[in-house]
1. Per DSSP helix of 4 or more residues, -39500 (n - 2.57); summed, then divided by the residues of chain C. What does that give at 222 nm, rounded to the nearest 500?
2. So what are the protein assembly as shown's ellipsoid semi-axes, whole angstrom, largest first, if each one is the square root of 5 times an eigenvalue of the alpha-carbon gyration tensor?
3. So how do C:Met83, A:Met58 line up by other beta-carbon neighbours within 10 Å, fewest first?
4. Quote the convex hull volume per residue of the stretch B:105-159, based on C-alpha atoms, as a whole number of Å³.
5. Could you go through the stretch A:19-27 in sequence order and give the Karplus-derived ³J(HN,Hα) for each residue, using 6.51 cos²θ - 1.76 cosθ + 1.60 with θ = phi - 60°, rounded to whole Hz, and x for Gly and Pro?
6. For the stretch B:1-114, list log₁₀ I(q)/I(0) at each q in 0.13, 0.20, 0.24 Å⁻¹, using the Debye formula over Cα point scatterers of equal strength and ignoring solvent, two decimals each.
7. Pairing the Cα long axis of helix B:63-75 with the longest principal axis of chain B, what angle in degrees results, from 0 to 90 and rounded to the nearest 10?
8. Once R0 is set to 56 Å, what does the formula 1/(1 + (r/R0)^6) return for the Cβ-Cβ distance between B:Leu53 and A:Glu36, expressed as a FRET efficiency to the nearest 0.05?
Amino acid sequence: MTDPALSARVADFHSAYAEALNHERFAQWPDFFAHEGPCDYRIVSRENHDLNLPAPIMGCYTHGMVKDRVAMLIKGALTYRHMYLRHFITNVRAKRLADDAVAASANLLVMQSDHEGNSSTYMVGRYEDELLPHGDSFQLRKRLVIIDSFSIDTALAVPL
Amino acid sequence: MTDPALSARVADFHSAYAEALNHERFAQWPDFFAHEGPCDYRIVSRENHDLNLPAPIMGCYTHGMVKDRVAMLIKGALTYRHMYLRHFITNVRAKRLADDAVAASANLLVMQSDHEGNSSTYMVGRYEDELLPHGDSFQLRKRLVIIDSFSIDTALAVPL
Amino acid sequence: MTDPALSARVADFHSAYAEALNHERFAQWPDFFAHEGPCDYRIVSRENHDLNLPAPIMGCYTHGMVKDRVAMLIKGALTYRHMYLRHFITNVRAKRLADDAVAASANLLVMQSDHEGNSSTYMVGRYEDELLPHGDSFQLRKRLVIIDSFSIDTALAVPL
């Protein structure tokens, strides 16, 4: 059973996550993931996901890999065409698992805007997450990003 | 008076509805509608709606018609260019009616993605609903889909 | 600390605000702002905001200016190409301030549809608000609209 009150708390987590990425505070990104125990972050195409093809477009399987993912972004060492991004995370549904964990899903739309102020769709997809309680909020022990869009201009320079 | 706690429960219903359509589980779609008593599903253009012109683009006026609406989709007998769809249902507002029913409205954005991974806007519109309690959730006794977009590539092959 | 229950109440306010604008009930718009005391409504570009450049694209600094903002729209005296707009306000986060006020942020996507039914992105941005309790809901004492998009067809004819 999904739980609307729990969903509202997870939605607040998602909004904090979105805000960190939208403001390009990449150094905060690893703290949205569990530091101890399993830690899994993958991006897969919807087509592969539906066919049960496991190969991700990108994957981090430990917290160290999650930190590595944004190391170059934090240093500003990565060269890519800069776009303002904005994450719209909607239709959050959460339910408790057998242990303390929470399973949750949400839809994701990321809009991009260039420096001339032109906006377009950057990404359409879905999160399928497992979260653990952490203080008053949560940390991800697993985030699967299933993307409908994969002809992406900026080649996934920044995390989703 | 709209009721934010009730809105959260209706939002959970909308998310389940969106999930069934996004995953193309069309056989589930009729179960989001009341099986007994009045059952009404219509799609109208915003222009006609604002002018009080009643002719819908599509309408189902009984639960049987709702089931018929997806019969061809379930059989896979309908030929249309396949697109991945994703429903973003936001700004849900719900209030109790005099009987047990709930009146609710929400905004709807449906994004489509083709098999090359290109995403674009499929549909922009609004739901105006009446729902009845059903178990821990709801069923629709009336769903009016008021669409701002109506030059639709796929000619409304699938429900909104 | 953000408060999910408070966020849900603010989201209901945002949905009422969006609904008034989507239905072009411009005469209602000033009532979403505090009539007494400070009243501030500004639109700034994201670039200027990030650089701490204060010049807004548009600003109202009193409730009288807020009323003036829509006076021409109410009279129908403003000539612009009419588009149907629809506001998607998501990822609402609210927290209480020291006094009775509430600070809140949200993401904003406005889609536009022309009379031929073609939909496109009108605006991507973010609200940063301060709200005061008002009856069962709120009024804005400050609304900052930070816009990622600024090459806008209709030149900001209507409020955001």
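Where a number appears in this text, it was derived from the coordinates with a stated rule and is not lab data. Predicted model, so just to flag it, every value in this text is computed and none were measured. Glycine gets a Cβ as well: all are built from the backbone with ideal geometry, and neighbour counts include every protein chain shown.
1. -7000 deg cm²/dmol, from helical runs alone.
2. Value: 31, 31, 23 Å, ordered largest first.
3. In increasing order of surrounding Cβ atoms, one gets A:Met58, C:Met83.
4. In the stretch B:105-159, the Cα convex hull volume per residue is 115 Å³.
5. Computed from phi, the couplings for the stretch A:19-27 are 4, 4, 5, 4, 8, 6, 8, 5, 5 Hz.
6. Evaluating at q = 0.13, 0.20, 0.24 Å⁻¹ gives log10 I(q)/I(0) of -0.63, -1.45, -1.52.
7. 30 degrees
8. For R0 = 56 Å, the calculated efficiency reads 0.35.
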